[in-house]
Structure formats: C-alpha cells, structure tokens
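Here's the structure, in structure tokens; my notes come after.
The values are calculated or read from the model by the stated rules, or taken from the named source; none is laboratory data. All values derive from a computational prediction rather than experimental measurement. Here the Cβ is made from the backbone with ideal geometry for all residues, glycine too, and neighbour counts use every protein chain on show. Accessible surface areas use protein heavy atoms only, side chains included; no ligands, DNA or RNA. Shrake-Rupley method; radii C 1.70, N 1.55, O 1.52, S 1.80 Å.
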Amino acid sequence: VVSAWRKVRVFKSDLQARSDSAFFSYGDSTLRIYQSPMVWAQGSQISADTMYLQMVNNKMDNMDMIRNAIVVNTEQDSAYFNQVAGKMMKGYFVDEKLDRVFVDGNAESIYFPKDSTAYNSMSRTLAARMRINFTNDSLMSITFIRKPEMTYYPIEDVTEELKTLPNFSWKPKDRPKSKDEIIAK
C-alpha cells in the first residue's frame, strides 16, 4: 500500500494526474485519487470528485470517475472544447490509450464538429447514457443511449454560456510534463 497527500502528482509517459490525496493498493492494482483529481490521457483532460485507475499487468486497464465527472477534449490551439459530463463514468484503455468512455446519469455533451477547414456548428445533447470513442488522441464519436435531446447551433449563434458545461475546467498548466518536474529537489 502506498499513500500520498498534499499536492500529489503522477507522471507516466501516456498518462498524468494530480490530486490532493492518493492511495495505491498492490492487492488490486488500483490508484485511488481524491479531492479535485484531474487526469490527462492523450489530448483529454478528465476530472471528477473521486477517480479510480486500475492497472492489469502493469498497464492502464480501466478508470472509474465518480460524481461530477467531465471529459474535456480539444484540438491543439483551438478555442472550442468538446465536453462530456455525467454523474458516473467508466473509461477503458487499449494499449494504454483511452479507447472508450461510458457515461451514466444526466449525460451531457457539447461537440464542435469540424469540416476540412473550420468549425461551423455546435451540438449540445442530453441523454440518460452515452458512449464516447477515442482515436488518435481525439474524440472520434459519441453514441447517445436512451432518450437523447439534441440541439444544433450555427457557430455564429454560440454564446460563451452555451460553449461550456457547468463543471467545465481547462487546466493544461497543471499537467505534469516530466518525471523530473514532479520529483522534489
């Protein structure tokens, strides 16, 4: 068992995290992070009230995001943030890359589709459940399960209030950039 508290930071080449407290058990190979945890995997930033990251054979396998979960994803240098939020989320990794995420309870999404050169619209969706698929470090598709309600907006009609979900937060500067950065000198 390993316990850590006060400004916990984790660095792995394909996954970084920060939180106030962490607990790792070798018995079930699960890292539990508490109090404003945030995880970065590929181009996505993930946060929730509590997160559990489970490893299998020393590789990331799955992740539970408990209460107030949100995944934020954007293309480099874009001002538009794709977002998915819900009460609970379960993510699965393939080859240590985030592959898919299931959202249960009050699932909401904001998505900015891009044609070959520009963003022309935004969709905002509510559903009971959602499935998000990732490919090549970015959001590939969203499947809405059970009673989706979708609204499309032309990009010129998108206000600042419409662009983000209530618990949206974007903190790329908090992401650990190297092992050396997190080791106290």
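Below are the figures for this structure:
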read-out: Segment 123-137, residues that are part of a strand (DSSP E or B) and open to solvent by 70 Å² or more (accessible area, probe 1.4 Å); value: Leu126, Arg131
read-out: Some residue of segment 147-163 being closer than 30 Å to Arg6 by Cα and surrounded by 10 or more Cβ atoms within 10 Å (Cβ to Cβ); value: no
read-out: Condition met for Arg67 (open to solvent by 60 Å² or more (accessible area, probe 1.4 Å), more than 17 Å from Arg131 (Cβ to Cβ) and among the basic types (Lys, Arg)); value: yes
read-out: From the options Ala22, Ala79, residue that is closer than 20 Å to Val2 by Cβ and either at pLDDT below 90 or small (Gly, Ala, Ser) (or both); value: Ala22
read-out: Qualifying residues in segment 138-160 (those that are in contact with a Lys or Arg (Cβ under 6 Å, 6 or more places away or on another chain) and assigned to a strand (DSSP E or B)) - the one modelled with the highest pLDDT; value: Thr151
read-out: Flag for Ala22 being in a strand (DSSP E or B) and of a type in the set (Gly, Ala, Ser); value: yes
read-out: Extreme residue, nearest to Leu98 (Cα to Cα), among residues of segment 45-63 that are of a type in the set (S, T, N, Q) and under 13 Å from the mean Cα position of the chain (by Cα); value: Asn62
